[in-house]
Every structure is written in structure tokens, then in C-alpha cells.
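The values are calculated or read from the model by the stated rules, or taken from the named source; none is laboratory data. Not measured: the values here are computed from a predicted model. No Cβ is skipped: glycine too gets one built from the backbone with ideal geometry, and neighbour counts run over all protein chains shown. In case anyone asks, the SASA skips ligands and DNA or RNA and just uses the protein heavy atoms, side chains included. Shrake-Rupley method; radii C 1.70, N 1.55, O 1.52, S 1.80 Å.
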Amino acid sequence: MPHTIQEIFRNRSGWIEFTLSKAALMITSIILLAAFYQIGADFSDIQMQRQLDSEVLDLKMSIDDIGSISPDSIRQYSTYPFNSEYPINAFISGEYIRFETTYHEQNIHSVKPLAFRTIPLNETEMRTILSNNFNGQHGTLELPLITDTPTILEVISTVGSQEVMLNTGKIVHIEKTSIYLKNDSEVNRLEVVLVHQ
């Protein structure tokens with residue numbers, strides 16, 4: 001074991017070990033700092049994903065609330081205001097709601113399925129489509145569609161398969177309505193939820 005300063009400086013293997021251990025310590029510190037930064041960034045992305053999931057779930061629940069109301073209920077209409085603190089794009093189809101945003105140059109998406117038969121149109125637009133497809137019949141109680149249920153479901157599915165972009169600066173209107181079908185002498189009612197602006 002060296003005792004004097006000169007002997008310490010002459011012992012080259014000791015300096016090499018000292019230098020390598022310091023270099024290893026610096027590399028370990030850099031790796032740990034990078035890992036902490038990445039964990040922080042990932043946590044921020046997770047928070048943004050949770051916020052987006054929460055917002056799309058709010059709209060889905062508003063639609064489900066109207067869809068679950070009895071057809072004989074007085075209240076069959078609701079509105080949904082977008083309350084996002086950051087810019088989002090919102091889309092709806094007959095099957096799902098999709099929100100997306102860009103955060104830290106990454107696209108973040110949230111998609112929720114709809115529980116009820118939904119059409120992204122207002123009542124007038126829906127009745128016009130029905131009239132065009134069923135010889136002037138609007139599907140009202142006074143002018144029921146003379147067809148079977150699978151045929152009308154196919155038309156609704158085709159219309160609902162088109163994704164519509166919602167304007168997040170405007171209120172979304174949600175309403176439940178009925179489409180009446182006449183098959184022989186029997187009149188049936190098909191419930192749908194309309195979502196529009």
C-alpha cells in the first residue's frame with residue numbers, strides 16, 4: 001500500500017481503475033437521468049390519454065342516457081357541450097365515438113363503442129333518407145315504412161357507417177326518435193338515437 005503522494009501518482013493501475021470507476025459512475029448517472037425523464041414523459045402521455053378517455057366517455061354516457069330512456073318518456077332530448085382544455089378532433093359513426101389529439105408530437109386516440117343504434121344525422125336528414133329509400137315513406141306513425149326489419153337495419157347501418165366529424169366549438173344535440181315499420185297489418189317501432197349539431 002503506497003504511503004507518499006509520489007508513490008500514489010506512480011501507481012498507474014490505481015489511476016486507471018479510478019478513471020474507469022468515475023466514467024462508469026457518469027454513464028450510470030446519465031442513464032438514470034434519461035430514464036427519469038422518459039418516465040416523466042410517459043406519465044404525461046398517460047395523463048393525456050386518461051383525459052381524452054374521460055372526455056369521450058362523457059359523450060358516450062350522454063348518448064347512452066338518451067338511448068336507455070323509455071320510448072314513452074317525455075324527455076328524449078339532451079345536449080353535450082365540449083369542455084376540452086386542449087384542441088381535439090371528435091368523430092362519430094353509428095358504431096363508435098372517436099376523439100384524437102396531438103400531444104408532444106404524438107397522436108393520441110380514444111375510441112368507445114356505442115351501446116344503442118345511433119345515426120349521426122338530425123331528424124329531418126334521417127326522414128329524407130328514409131323517404132328516398134322507401135318510396136316517399138318517412139317512417140313516421142302516419143307514413144310507416146312498408147318493409148321488414150332487416151331491410152331498414154341495413155339502411156341504418158349504411159348511413160351509420162359513415163364517420164362524421166363533430167365541431168368541438170358547438171353543442172352536440174342528442175335525441176331519441178322512432179322509425180315505424182309496417183309489415184302486413186302489424187306496425188312495429190324501431191328506436192334510434194340521433195346525434196347532430
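Relative to the current alpha-carbon distance between THR79 and THR140, full extension at 0.36 nm per residue lengthens the span by 19.6 nm.
Direction-averaged shadow area of the convex hull around the Cα atoms of the range 123-197, nm²?
Seen from a random direction, the Cα hull of the range 123-197 projects 5.1 nm² on average.
Applying the Karplus relation 6.51 cos²θ - 1.76 cosθ + 1.60 with θ = phi - 60° to the range 122-137 yields 3J(HN,Hα) values of 8, 4, 4, 4, 5, 5, 5, 5, 4, 4, 5, 8, 10, 6, x, 7 Hz, where x marks Gly and Pro. Each principal axis of the Cα cloud of the range 35-164 was evaluated for its coordinate range; sorted largest first, these ranges are 66, 29, 22 Å. Estimated at the nearest 10 Å², the accessible area of ASP148 is 60 Å² with a 1.4 Å probe. Compute the distance from the alpha-carbon center of the range 137-153 to that of the range 42-101, in whole Å. First find each Cα centre; the distance between them is then 30 Å.
Taking a ≥ b ≥ c as the square roots of the Cα gyration tensor eigenvalues, the range 132-172 comes out prolate, since a/c reaches at least 1.5 and a/b is larger than b/c. Summarising the label geometry, the points placed 7 Å from Cα in the beta-carbon direction at ILE31 and GLU100 lie 3.8 nm from one another. Would you mind telling me the share, in percent, of accessible area of the range 97-197 contributed by carbon and sulfur at probe 1.4 angstrom? Carbon with sulfur: 48 percent of the solvent-accessible area.
Between THR149 and ASN167, residue separation times 0.36 nm minus the direct Cα-Cα distance comes to 3.2 nm. With protein chains left intact and a 1.4 Å probe, residues in the range 50-197 average 55 Å² of accessible area per residue.
Rounded to the nearest Hz, the phi-derived 3J(HN,Hα) couplings of the range 46-63 under the Karplus curve 6.51 cos²θ - 1.76 cosθ + 1.60 (θ = phi - 60°) are 5, 4, 5, 4, 5, 5, 5, 4, 5, 5, 5, 5, 4, 5, 4, 5, 5, 5, where x marks glycine and proline.
Tell me whether the range 96-162 comes out rounded, prolate or oblate; compute the Cα gyration tensor, take square roots of the eigenvalues as a ≥ b ≥ c, and use a/c under 1.5 as the rounded threshold. In terms of gyration-tensor shape, prolate.
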